[in-house]
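Reviewing the structure listed below.
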Amino acid sequence: MLTEAIKQQLLQAAVTAPSADNSQPWLYQWQNDNTLELWIDETRSGKASDATFFLSDLAIGSVLEAIVVKAAEQELDVSISYFPTNNPYLPCTIQFSQPVHSTSNNMPMPNAELHALATFLDQRQTDRRFPFKGMPTQTIMDEMSRAAQSLDCALNWFTESKSKNQAISLVAKAEALRFKSETLHQEIFSSINTDGTADEGMTYDDLEIEKPARPFFKLISKWRWMNRFNKIGGAKLIAQRSVSLPMKLSPALCQLTINPLHEEQHLDPNYSRRVNIINGGRAVLRTWLMATKHNLSVHPYAAPGVVALDVVQLSDEDIQQEMTNVRSEINAFTKNGRTLMFFRVGFYDQPLAHHSKRRSIASFQK
């Protein structure tokens, strides 16, 4: 039986998990003192880029991993049930028990290594500054790759110019689509807090938007102005600033891929739910914690995964066709599995002055 103190520690760890645009689209409910349900928050999910719960399941995976890591620190064993009911908003339940074993089906890494990662849950953060300085050593890259492999995922590293430039071009194309489509444009700007007071979403500081550029950024938050800006290639220019330039000024770039599931593993065909997406979310956090352990700065890019793995239906047929074309390019470029996310990685000599805000634990209770 878990004490209330341990329950709070597990939930506090969960709150630290990353989510797309800091949307925090999850809820929790205790079935009993040993079993925790993780739910998708209907009020924070299901937007255009989350139509099949891709981003929500990705976030649930990271929340799940944060809890698994914290459970290892508390010497608890875990048993995870994926999609235990037909309810599409209940992707998993976690049962806690003692004593802990060195390995289990749900925790393929040695428990001691997971335990060590718990220290970095509060330290992990998105760093959108650039340039990053200093290439990660081969030992660090191998350690991060093993963390991904432990969850049936893979990290592909791009450190030489040709492959790196190809990857950058694809990420920039995927990111530009968010500003070419009115639907996706409204989605991203709905998550930006211009006054910085909300405890979810992103602020200008989080996005590292320079103060002289903020009035213009506020202007293009209105679609009529973004649409006009697109007449002169506005979306492409934004992608150059947010993707191409930072990535080119980063020493290392990596791609996280997931393995396709066999048909019988699609547990909920009515909602296109995929366990490998949740495990991908776990791999996102696990590899990120490994990077944090080595004082690496990390900036994730989820747009390629949205394009490559999710079916985003847009009313604009031209943009929909462009998205289809970019999806084909990304899938052709990916050597193993399916693209989930890209990260630019390197070192920065000063700590970030701010963190993305989080809601209180109580606000996540179902």
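Looking at region 125-175, which of the residues that are assigned to a loop (DSSP other than H, G, I, E, B) and charged (D, E, K, R) is nearest to GLN320 (Cα to Cα)? Here the answer is ARG128.
Would you mention how many residues in region 225-264 are of a type in the set (Gly, Ala, Ser), assigned to a helix (DSSP H, G or I) and free of Cβ contacts under 8 Å to residues at least 24 places away in the same chain? Matching residues across region 225-264 total 0. Scanning region 90-99 for residues that are surrounded by fewer than 19 Cβ atoms within 10 Å (Cβ to Cβ) and touching a Ser or Thr at 6+ places or on another chain (Cβ under 9 Å), which turns out nearest to LEU11 (Cα to Cα)? Checked region 90-99; the qualifying residue nearest to LEU11 (Cα to Cα) is GLN95.
Note on region 1-23: residues that are closer than 14 Å to ALA71 by Cβ, open to solvent by 10 Å² or more (accessible area, probe 1.4 Å), assigned to a helix (DSSP H, G or I) and in contact (Cβ under 8 Å) with a residue 40 or more places away in the chain amount to 4.
Residues that are surrounded by fewer than 21 Cβ atoms within 10 Å (Cβ to Cβ), touching a residue at least 60 places away in the same chain (Cβ under 8 Å) and not in a strand (DSSP E or B) within region 24-40 comprise just one, ASN34. Taken over region 112-150, the residue count meeting the criterion of being under 22 Å from ARG344 (Cβ atoms), open to solvent by 30 Å² or more (accessible area, probe 1.4 Å), touching a helix residue (DSSP H, G or I) at 6+ places or on another chain (Cβ under 7 Å) and not charged (D, E, K, R) is 3. Which pairs have Cβ atoms under 6 Å, sit 6 or more apart or on different chains, and link a residue in region 342-358 that is part of a loop (DSSP other than H, G, I, E, B) to one that is β-branched (Val, Ile, Thr) and at pLDDT 95 or above? Here the result reads ARG358/VAL15, each pair linking region 342-358 to a residue that is β-branched (Val, Ile, Thr) and at pLDDT 95 or above. Can you confirm whether THR339 is crowded, with 17+ Cβ neighbours inside 10 Å, in a helix (DSSP H, G or I) and in contact (Cβ under 8 Å) with a residue 40 or more places away in the chain? No; evaluated as a whole, the condition is false for this residue.
Among the residues of region 306-325, at least one is within 29 Å of GLN123 (Cα to Cα) and modelled with pLDDT under 95.
The values are calculated or read from the model by the stated rules, or taken from the named source; none is laboratory data. Just so it is clear, the structure is predicted and the values come from calculations on it, not from any experiment. Using ideal geometry, Cβ is built from the backbone for each residue, glycine included, and neighbour counts are taken over all protein chains shown. When the accessible area is computed, the model is the full protein with side chains, heavy atoms only, and any ligands, DNA or RNA have been set aside. Shrake-Rupley method; radii C 1.70, N 1.55, O 1.52, S 1.80 Å.
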